[in-house]
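One structure is given below, encoded as structure tokens.
Just so you know, all these numbers are worked out from the coordinates, no wet-lab data involved. Note that the structure is predicted; figures quoted are calculated from it, not measured. Cβ placement follows ideal geometry from the backbone for every residue including glycine, while neighbour counts extend to all protein chains displayed.
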Amino acid sequence: MNEAIEKKDLQKFEKAFAKDRANIIAMNAVSSEGVNKAAMNVYKARNNQHAFNVEVESGKVCNQKQSGRCWMFASYNVMRLNVMEKLNLENMELSQAYPLFYDKLEKSNYFLENILATLDEPREGRVVSYLLTDPIGDGGQWDMFRSLTYKYGVVPQEVMPETAVSSATAELNKYLKTKLRGYACELRTAYEGGKKLEELRKDKEEMLNTIYRMLAISLGEPPKKFTWETRDKDKNFVQVKDITPQEFFKKYVEMDLDDFVTVINAPTADKPYGKTFTVQYLGSVRGEQYPVKYLNLPMEDLKELTIAQLKDNKAVWFGSDVGQFSDRRGGYLTLDSLGVDELFNTSFPMTKAERLDYGESLMTHAMVITGVE
């Protein structure tokens, strides 16, 4: 075949397609139902049943709606189990709007500090270009949530409920990104004009004051102290009175977050097992001793650790590439439920290492594992 697609090439493709009757059947099915629905292997799906011989009480399903707060929801789905057990509750949710407020504020400060740290880097260079690509988003990691929780504590959802903005963050993110990119321009321009770092940090304070105002208008101001009232499984009245978010975390969540380590399976040549790795410029809370860090281990070790934690009656926070072979209707993440290779009469032979190296896979969603068989 030559460099360009020629008419004779198209004729070969068309002839090969028409030659196999299965292609016509597949075309009709996919055109009507979509790829994943047409590729569903109903026999394999039957084997994926939601019952396990080791299972952790998890409470009702939570809904992050149109936001990227999966890592917060997953973290709280681990933490809230302690509150439910301590207070004999059927169900409860920790406020996901509360950490969102401080996460946005901390990420704004983190971004501006990164801009101050790279003032001598060229604006068109890879580092500054990378920082400006996405100044602030919804996503995060376990270590970032650990820092937020230790600094700000937690509150029940009733104390700081959802708002239209916390449930659909795109609009707020748009204006925060616009503001932060503008601030980056101001700081770099002022530095080029001779302003010293101390003066720029004074400018940063006023910038963060504006960010705080935008967040408070969008999400409401977070409580400093609160009283929470509910009923337990036996319909008894429960009152938690005059408590701070930090005190609530210590007394009712009562979880040593330092006991948890983020382990990953990245079988690439540049990441040997048994070593820890981080991502430069990934974080949120400045001045904290919890940088984002991953311990790379073989998959068998991850499985053993997951099972051990579940047997210890603790849910497991995990991240995955959730769009790969995912059946949203049935709630399955399995390689054999979707016969896409059979549907298209081809194969997808890349290994996990190759998918990571070539940008085909990355962590896109955080959830919790609550059961295993």
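Build a GNM of the chain with springs between Cα atoms under 10 Å: which of Gly339, Gly319, Gly193 gets the top mean-square fluctuation?
Gly193
When the Cα centres of segment 314-337 and segment 185-240 are compared, how far apart do they sit, in Å?
Value for the Cα centre distance between the two parts: 34 Å.
Find, among the chymotrypsin sites (Phe, Trp or Tyr not before Pro) in segment 37-99, those assigned to loop by DSSP (not H, G, I, E, B) with at most 16 other beta-carbon atoms within 10 angstrom. Spell out each step's value before the answer.
On the way: sites: Tyr43, Phe52, Trp71, Phe73, Tyr76; in loops: Phe52.
Qualifying residues, ordered by number: Phe52.
Springs between alpha-carbon pairs under 10 angstrom, Gaussian network model over the chain: which of Gln11, Gln309, Gln96 fluctuates most?
Sorting by GNM fluctuation, first place goes to Gln11.
What area, in nm² and to one decimal, does the C-alpha convex hull of segment 224-342 cast on average over all directions? Walk me through the intermediate numbers first.
Details: hull surface 51.6 nm².
Dividing the Cα hull surface by four gives the mean projection, 12.9 nm².
Excluding Val159 itself, calculate the net charge of residues whose Cβ lies under 14 Å from the Cβ of Val159, where each Lys or Arg counts +1 and each Asp or Glu counts -1. Numbers along the way, then the final one.
On the way: positive: Arg80, Lys224, Lys225, Lys241; negative: Glu93, Glu158, Glu162, Glu221, Glu229, Asp242, Glu247.
Charge balance near Val159 sits at -3.
Straight-line reach from Lys195: which lysines fall under 18 Å, measuring Cα to Cα and dropping same-chain residues less than 8 apart?
Cross-link targets: Lys204.
Check the straight Cα-Cα distances from Lys151 and name the aspartates and glutamates below 16 Å, setting aside those fewer than 8 residues away within the same chain.
Filter leaves Asp103, Glu106, Asp143, Glu247, Glu254, Asp256, Asp258, Glu288.
Let's test the formula: R0 of 25 Å, r as the Cβ-Cβ distance of Asp134 and Thr334. What FRET efficiency results, to the nearest 0.05? Display every interim value, and only then the final one.
Details: r = 31 Å, r/R0 = 1.25.
Here the calculated transfer efficiency is 0.20.
Got the relative contact order for the chain handy, in percent, Cα pairs under 8 Å and 6 or more residues apart? Write out the running numbers ahead of the final one.
Values: 484 pairs, mean separation 95.2, N = 373.
Once normalised by length, the contact order is 26 percent.
I need the helices of the chain that pass two filters: whole DSSP H segments spanning 24 Å or more by Cα along the axis, and mean Kyte-Doolittle score no lower than 0.0.
On the way: long enough: 70-87 (25 Å, 0.38); 97-117 (30 Å, -0.13); 170-192 (33 Å, -0.75); 197-219 (32 Å, -0.30).
Taking the DSSP H segments of the chain (at least 24 Å long, mean hydropathy at least 0.0), we get 70-87.
Would you mind working out the magnitude of the charge dipole of the chain relative to its Cα centre, with +1 at each Lys and Arg C-beta and -1 at each Asp and Glu C-beta, to the nearest 20 Debye? Write down the numbers at each step before the final one.
Details: 50 positive and 55 negative charges, 129 e Å.
I would put it at about 620 debye.
Looking at this model, which pairs from Lys107/Lys293; Lys107/Lys275; Lys225/Lys314 are more than 25 angstrom apart at the alpha-carbon? Mind dumping the intermediate values first?
Working: Lys107/Lys293 17 Å; Lys107/Lys275 27 Å; Lys225/Lys314 29 Å.
Among Lys107/Lys293; Lys107/Lys275; Lys225/Lys314, the Cα-Cα distance tops 25 Å for Lys107/Lys275; Lys225/Lys314.
Considering the dipole of the chain built from charges on the beta carbon (Lys and Arg +1, Asp and Glu -1) around the Cα centre, which of Phe260, Ser67, Leu333 is farthest to its positive end?
Among Phe260, Ser67, Leu333, the one farthest towards the positive end of the dipole of the chain is Ser67.
Can you list which of the trypsin sites (Lys or Arg not before Pro) found in segment 133-200 are DSSP loop residues with at most 14 other C-beta atoms within 10 Å? Display every interim value, and only then the final one.
Values: sites: Arg146, Lys151, Lys174, Lys177, Lys179, Arg181, Arg188, Lys195, Lys196; in loops: Lys195, Lys196.
Counting only loop positions with at most 14 other Cβ atoms within 10 Å, the trypsin sites (Lys or Arg not before Pro) in segment 133-200 are Lys196.
Could you compute the net charge surrounding Tyr294? Neighbours are other residues with a C-beta less than 14 Å from the C-beta of Tyr294; K and R count +1, D and E count -1.
Values: positive: Arg146, Lys271, Lys275, Lys293; negative: Asp143, Asp270, Asp301.
So the surrounding residues net to +1.
Hey, what number do you get for the chain at 222 nm if only DSSP H runs of n ≥ 4 count, each worth -39500 (n - 2.57), divided across all residues, to the nearest 500?
Theoretical 222 nm ellipticity from helices: -14000 deg cm²/dmol.
Pick from Val54, Val42, Val240: which residue has the top mean-square fluctuation in a GNM of the chain where Cα pairs under 10 Å get a spring?
The residue that fluctuates most here is Val42.
Within a Cβ distance under 15 Å of Phe325, other residues only, what is the Lys/Arg minus Asp/Glu net charge? Write down the numbers at each step before the final one.
On the way: positive: Lys37, Lys44, Arg328, Arg329, Lys352, Arg355; negative: Asp321, Asp327, Asp336, Asp341, Glu342, Glu360.
Around Phe325, the surrounding residues sum to 0.
Restrict the search to segment 255-356; then list the chymotrypsin sites (Phe, Trp or Tyr not before Pro) that DSSP places in a loop and that have at most 15 other Cβ atoms within 10 Å of their Cβ. Before the final figure, lay out the partial values.
Values: sites: Phe260, Tyr273, Phe277, Tyr281, Tyr294, Trp317, Phe318, Phe325, Tyr332, Phe344; in loops: Phe260, Tyr273, Tyr281, Phe325.
Sites meeting the loop and neighbour criteria: Tyr273, Tyr281.
At 20 °C and 1.002 mPa s, what whole-number value in µm²/s does Stokes-Einstein give for the translational diffusion of segment 60-316, with Rh from the Kirkwood sum over Cα pairs?
Values: Rh = 20.2 Å.
D = 106 µm²/s.
Normalised by the empirical 2.2 N^0.38 Å for globular proteins, what value does the Cα Rg of segment 182-226 take?
On the way: Rg = 14.3 Å, N = 45, 2.2 N^0.38 = 9.3 Å.
So the Cα radius of gyration is 1.53 times the expected 2.2 N^0.38 Å.
Roughly how many nanometres apart are two label points built 7 Å out from the Cα toward the Cβ at Gln289 and Glu247?
2.6 nm
Using only the alpha carbon atoms of segment 24-169, find the Kirkwood hydrodynamic radius as the inverse mean reciprocal pair distance, in angstroms to one decimal. Numbers along the way, then the final one.
On the way: mean 1/r = 0.0525 Å⁻¹.
Roughly 19.1 Å, rounded to one decimal.
Over segment 45-160, what relative contact order in percent results from Cα pairs under 8 Å that are six or more residues apart?
Details: 89 pairs, mean separation 41.2, N = 116.
This gives 35 percent for segment 45-160.
Taking the alpha-carbon distance from Lys37 and a cut-off under 25 Å, which lysines remain once sequence neighbours fewer than 8 residues away in the same chain are dropped?
Candidates past the 8-residue exclusion: Lys19, Lys65, Lys352.
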